[in-house]
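Chemist: To start, I am sharing the structure in question, which I have written as structure tokens.
Read-outs throughout are calculated quantities, based only on the coordinates presented, and are distinct from any laboratory measurement. Computed from a predicted structure; not experimentally measured. Here the Cβ is made from the backbone with ideal geometry for all residues, glycine too, and neighbour counts use every protein chain on show.
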Amino acid sequence: MTASRKIVFLVDVDDTLFDNDRFEEELSRFLEEKFGPGGRDSFLAFFEECRKQEGFADFLGAFQKFRIATREHPNTMELAFFFRDYPFDRHLYPEALNVLDRLSALGTTVILSDGDAFFQPHKIDRAGIRSAVANRVRIFVHKETRLDRLEEEFPARHYVLIDDKHRILSAVKKQWQDRVTTIWVRQGHYAREDPPDAGLLPPDRTIERIGDLLLEDSFFGSLA
């Protein structure tokens, strides 16, 4: 087992470091341009179906269903290139990489994301996030169910989880209790639109933008 670290920061990607809502808007416009409004709506319906079934944003799963439904329309090749070549670094939130640098100076920073086995790693790499954390990227189907694996690989005195989903923060808090500090970043549609749930534990700290962490000197000092 790796020697125990003093503190490990676990940082989400979509709508925490990366503005996934803006990416989805651009994807929607591309779909309408290549397949018309009906084709766009068809893809988005497959996407929501996959999200509900699998619990994460599975763009490639939706793409496979859409490709079959369109009888392998020639423009599905253009859609493949759209996913492959998209400049993901364009939609990093302001100061996102600076935050990762700051956290890495205070402890060990690990990207902890939900997602599929190919598109999510590709996005994280293309956005420059992977290199910013020295390749410490872990992607699971449901990350809140893999805490035992994280503890084994990154043992620490204390963890800090930074995420836009209140549900995820609460689930991890219930398991790790006072061993984790949860920070809710209220960016993206999940944080803005999800109604409060009485069954969820409140986050330890709430910020409006990921860049606000650069102003948290006193808070990080309390974790030392």
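Chemist: Under 28 Å Cα to Cα from LYS34, which lysines show up? Leave out anything in the same chain fewer than 8 places away.
Modeler: LYS52, LYS65, LYS123
Chemist: Taking only DSSP H segments of four or more residues, each worth -39500 (n - 2.57), what value at 222 nm results for the chain once the sum is divided by all its residues, to the nearest 500 deg cm²/dmol?
Modeler: Details: 10 runs with 111 residues, N = 224.
Helix-only estimate at 222 nm: -15000 deg cm²/dmol.
Chemist: Further, regarding this structure: Roughly what angle does helix 59-69 make with the longest principal axis of the chain, taking Cα atoms, 0 to 90 degrees, to the nearest 10?
Modeler: Helix 59-69 and the main axis of the chain meet at about 20 degrees.
Chemist: Give the angle, between 0 and 90 degrees and rounded to the nearest 10, that separates the Cα long axis of helix 20-54 from the longest principal axis of the Cα atoms of the chain.
Modeler: Helix 20-54 sits at roughly 50 degrees to that axis.
Chemist: If I model a spin label as a point 7 Å beyond the Cα along the Cα-Cβ vector, how far apart are those points for GLN175 and ALA134 in nm?
Modeler: Placing both labels 7 Å beyond Cα along the Cβ direction yields 2.5 nm.
Chemist: May I pose another question? Sticking with the crude label model, points 7 Å out along Cα→Cβ, report the distance from LYS6 to GLU54 in nm, one decimal please.
Modeler: Distance between label points: 4.0 nm.
Chemist: Which peptide among 26-38, 116-128 comes first, and what is the full order, when sorted by highest mean count of other Cβ atoms within 10 Å?
Modeler: 116-128, 26-38
Chemist: If I build a Gaussian network model for the chain, linking alpha-carbon pairs within less than 10 angstrom, which residue out of LEU150, LEU17, LEU103 has the largest mean-square fluctuation?
Modeler: Result for the chain, Cα springs under 10 Å: LEU150 fluctuates most.
Chemist: Once the principal axes of the Cα atoms of the stretch 20-88 are found, what is the range along each, listed largest first in whole angstroms?
Modeler: Sorted from largest, the Cα extents of the stretch 20-88 read 30, 28, 20 Å.
Chemist: Another question, if that's okay. Below 8 Å, C-alpha to C-alpha, sequence gap of six or more: please give me the relative contact order for the stretch 20-88 in percent.
Modeler: On the way: 36 pairs, mean separation 15.0, N = 69.
Dividing the mean separation by the residue count of the stretch 20-88 yields 22 percent.
Chemist: If you place +1 on the Cβ of every Lys and Arg and -1 on the Cβ of every Asp and Glu, how big does the dipole about the Cα centre of the chain come out, in debye to the nearest 20?
Modeler: Details: 32 positive and 40 negative charges, 118 e Å.
Once rounded to the nearest 20, the dipole reads 560 debye.
Chemist: Answer with one residue from PHE43, THR76, PHE88: the one whose Cα lies farthest towards the positive end of the charge dipole of the stretch 20-88, charges on Cβ with Lys, Arg +1 and Asp, Glu -1.
Modeler: THR76
Chemist: What translational diffusion coefficient, to the nearest whole µm²/s, does the chain have by Stokes-Einstein, given a Kirkwood radius computed over alpha-carbon pairs, a temperature of 4 °C and 1.567 mPa s viscosity? Show your work: numbers first, answer last.
Modeler: Values: Rh = 18.4 Å.
Rounded to a whole number, D works out at 70 µm²/s.
Chemist: Please find the FRET efficiency linking LEU223 to ARG84, where r is the Cβ-Cβ separation and R0 is fixed at 35 Å, and quote it to the nearest 0.05.
Modeler: For LEU223 and ARG84, the calculated efficiency is 0.30.
Chemist: Okay, next question. By average Cβ neighbour count within 10 Å, what is the ranking of 85-98, 172-185 from highest down? Don't skip to the end; give the middle numbers.
Modeler: Working: 85-98: 15.8, 172-185: 18.3.
Packing order, densest peptide first, comes out as 172-185, 85-98.
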